[in-house]
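Single-structure report; data block below.
The values are calculated or read from the model by the stated rules, or taken from the named source; none is laboratory data. Since the model is a prediction, treat every value here as computed from it, not as a measurement. No Cβ is skipped: glycine too gets one built from the backbone with ideal geometry, and neighbour counts run over all protein chains shown. Heavy atoms of the whole protein, side chains included, go into the accessibility calculation; ligands, DNA and RNA do not. Shrake-Rupley method; radii C 1.70, N 1.55, O 1.52, S 1.80 Å.
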Amino acid sequence: MPAKRIRSALTGAALALGVLAATASPAGAAGPPTTYGNLCYQAHVQNLGWLNWQCDGQWAGTKGKALNLEALRIHINGYWTGCFRAHRSNYGWDSSLQCAEHGRDIMIGTTGMNTAIEAVEFYAPADRRAGGRAHVRNIGDVAGSHPGGDMSHVVVGTEGRALPIEQLYLFIQ
């Protein structure tokens with residue numbers, strides 16, 4: 001009898017672990033997020049690689065570890081388009097915008113080059129409000145700005161100050 005109970009308990013534990021493993025978003029997973037939101041993003045962080053997907057105003061990256069945000073994968077749920085570009089250390093702004101839409105994910109920034117993202121620019125549809133915030137090294141949390149007062153356009157981070165983003169969040173309303 002005790003062997004039967006032990007076997008049953010082990011089987012239950014194995015099933016529970018299998019369910020957790022199947023639903024977890026492993027670091028480095030290239031597929032879309034397992035959670036759903038309007039706007040989802042996955043941070044690639046210096047020395048850590050790809051972290052778990054975050055959506056709709058959840059923080060992505062690390063804070064207080066002095067690790068640079070190097071790239072972002074963007075995933076959109078819904079039938080709208082968002083366009084993004086990165087301002088990278090020693091490079092400046094990407095020359096063109098990358099546009100994500102339902103079924104077409106994008107990546108901004110770089111991996112494997114140890115190049116920090118210092119700012120992210122996001123254009124949402126004109127009838128939407130884009131927003132975000134970044135945790136910038138040596139400054140702390142910085143609210144996104146809306147150039148020209150356009151609420152569908154947001155820039156998070158800094159430019160021209162050589163200060164990397166460590167963590168950020170984005171949202172659309």
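A few notes on this one:
- Share of carbon and sulfur in the accessible heavy-atom surface of the stretch 21-173 [1.4 Å probe, %]: 48
- You can think of it this way: the chain between SER95 and GLN173 has 25.4 nm of extra reach, that is 0.36 nm per residue less the Cα-Cα gap.
- Sequentially through the stretch 85-91, phi angles give Karplus couplings (6.51, -1.76, 1.60; θ = phi - 60°) of 7, 10, 9, 10, 3, 6, 10 Hz, Gly and Pro residues having no value and appearing as x.
- Net length gained if the chain between ALA162 and THR81 were fully extended (0.36 nm per residue, minus Cα distance): 26.2 nm
- A 1.4 Å probe, protein heavy atoms only, puts the accessible area of TRP53 near 20 Å².
- Residue-by-residue Karplus 3J(HN,Hα) for the stretch 99-105, coefficients 6.51, -1.76, 1.60, Hz, glycine and proline x: 10, 9, 8, 3, x, 9, 7
- Amide N proximity, the stretch 85-103 versus ILE139 label position 7 Å along Cα-to-Cβ, cut-off under 18 Å: 85-94
- Amide H contacts under 5 Å for GLU118: HIS87, ARG88, SER89, ILE165, restricted to partners 5 or more places along the chain or on a different chain, H placed in the peptide plane at 1.01 Å from N.
- Globularity ratio of the stretch 57-173, using Cα Rg and 2.2 N^0.38 Å: 0.99
- Karplus (6.51, -1.76, 1.60) ³J(HN,Hα), θ = phi - 60°, over the stretch 108-117, in Hz, Gly and Pro reported as x: 10, x, 9, 10, x, 10, 6, 10, 6, 7
- Average accessible surface area per residue within the stretch 25-173, 1.4 Å rolling probe, Å²: 45
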